[in-house]
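A.B. asks: Pasting a structure below so you can have a look.
The values are calculated or read from the model by the stated rules, or taken from the named source; none is laboratory data. Owing to the predicted nature of the structure, the values given are computational and were not obtained by experimental measurement. Ligands, DNA and RNA are excluded from the accessible area calculation, which covers all protein heavy atoms including side chains. Shrake-Rupley method; radii C 1.70, N 1.55, O 1.52, S 1.80 Å.
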Amino acid sequence: MIDLRSDTVTKPAEAMRAAMASAEVGDDVYGEDPTVNRLQDRAAEIFEREAALVVPSGCMANQIAIKVHTKPGDEVIIEDRSHIYLHEMGSASVISGVLLKPTRSEDRSGHLRWSEIEPALHIGHDYHGSATGLICLENSHNMAGGTVMTAEHCNDICDRAHSHNIPVHLDGARIFNAAVALDTTVGELTRGCDSVQFCLSKGLGAPVGSMLVGSREFINEARAWRKRLGGGMRQAGILAAAGLIALEESPKRLREDHANARRLAEGLAEIDGISLDHESVVTNIVIFDVSATGRTPADICNNLRDLGVLALGWDSVIRMVTHNGISLDDVDLTNETVNKILINDRR
Ligand SMILES: *Cc1c(COP(=O)(O)O)cnc(C)c1O
């Protein structure tokens, strides 16, 4: 099977399994796991921050950040197709008692401009509205097709938010993909944000885990909330050993995933009935519209599965994500397979 459903399907490399087998471990709830501590120190260093924390998942990392930054009744400004809004089961309302204010990015890039955030702000207490407590950004933006936000854009929002004393959290599940695409560092790209979440378990290829980075004060509070949410893990060094390899080695090969995604997009864009601007594919996510084929995404995905290709479909689109388990040959075979399905359909 050529599995393009997500970069979460990546399996740990041999080197990761070997490192896990021989990892030095301790009880991380006591802060005594040396491998977890090494991973946290390295992440803080790479992101040029005071501290970092290993968290079981990206969802938990985002929710901890929202909890630490807000108080119940606050409003959180967020792009209307962001993961935190669409795909975290209303957790921010359950755990933090906040309102998410979905806000549209007019150019559909997924990256809100200050001119779009400003009208959504509630600053100062007017005794009716709910005060803006946080702004959440996402880079790269999953549902917008892996689009990236530049450091300049991100800093602009952070500077203006901070001038109103509003913190900014970045859902950087795929921040390394964004940094590679923009030819910059994750430190540079996230400098203004008060907290950043990134996933070890996606394109970086670790089996489990995400990290939060920020100030020492933020991370201390985040550690307490991780424990409250049941995310305090004991000999977590077994996982951190794979995480360290993911963090050190995997960013170097993301360029390959991006080249494969671009080649996939170029092939797909030539197929009748598929609507896709291949120039917009700059990381590892390809989302294309199939409404002009007259068929549903689910139907096309079923046909693809029968021919050995897995993809995800919803609304009028299909998503394909490249990762370390996808080769150039897989990409070419996928393009041939989609072509075959849609051509057969036209006969
Ligand atoms: C996958 C993802 C998450 C959540 O990560 P999990 O580890 O699956 O909980 C958060 N944000 C974005 C943008 C994601 O793609």
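A.B. asks: Kindly identify the chain as rounded, prolate or oblate by the Cα gyration tensor criterion: order the square roots of the eigenvalues as a ≥ b ≥ c, call it rounded if a/c is under 1.5, otherwise compare a/b with b/c, prolate if a/b is larger, else oblate.
C.D. replies: Oblate.
A.B. asks: Can you give me the % of accessible surface on region 61-172 that is carbon or sulfur? Probe 1.4 Å, all protein chains present, nothing else counted.
C.D. replies: The computed percentage sits at 52.
A.B. asks: Still on this structure, I have one more. State the extension gain, in nm to one decimal, for the chain segment bounded by Glu14 and Glu249, taking 0.36 nm per residue of separation less the distance between their alpha-carbons.
C.D. replies: Using 0.36 nm per residue and subtracting the Cα-Cα distance, I get 83.3 nm.
A.B. asks: While we're on this one: What length, rounded to one decimal in nm, is gained on full extension from Asn339 through to Ser327, with 0.36 nm per residue of separation minus their alpha-carbon distance?
C.D. replies: 2.5 nm
A.B. asks: Could you work out [θ]222 nm for the chain from helices alone, using -39500 (n - 2.57) per DSSP H run of at least four and dividing by all its residues? Round to the nearest 500 deg cm²/dmol.
C.D. replies: Per the formula, -12000 deg cm²/dmol.
A.B. asks: Under the Karplus relation 6.51 cos²θ - 1.76 cosθ + 1.60, θ = phi - 60°, what is the ordered set of whole-Hz ³J(HN,Hα) values for region 57-64, x standing for Gly and Pro?
C.D. replies: Each residue's phi maps through the Karplus curve to give 8, x, 4, 5, 4, 4, 5, 5 Hz.
A.B. asks: Give me the accessible area per residue for region 158-268, probe 1.4 Å, as a whole number in Å².
C.D. replies: On a per-residue basis, region 158-268 sits at 37 Å².
A.B. asks: In addition: Short version: ³J(HN,Hα) in whole Hz for each residue of region 27-43, in order, from phi by Karplus 6.51 cos²θ - 1.76 cosθ + 1.60 (θ = phi - 60°), x for Gly and Pro, what are they?
C.D. replies: Here the 3J(HN,Hα) series is 8, 6, 5, 8, x, 10, 8, x, 6, 4, 4, 5, 4, 5, 5, 5, 5 Hz.
A.B. asks: Now a separate question. In square angstrom, rounded to the nearest 10, how much accessible surface does His122 have for a 1.4 Å probe?
C.D. replies: 70 Å²
A.B. asks: Once amide H atoms are built 1.01 Å from N in the peptide plane, which residues 5 or more positions from Thr103, or in another chain, come under 5 Å H to H?
C.D. replies: Ile78, Glu79, Asp80
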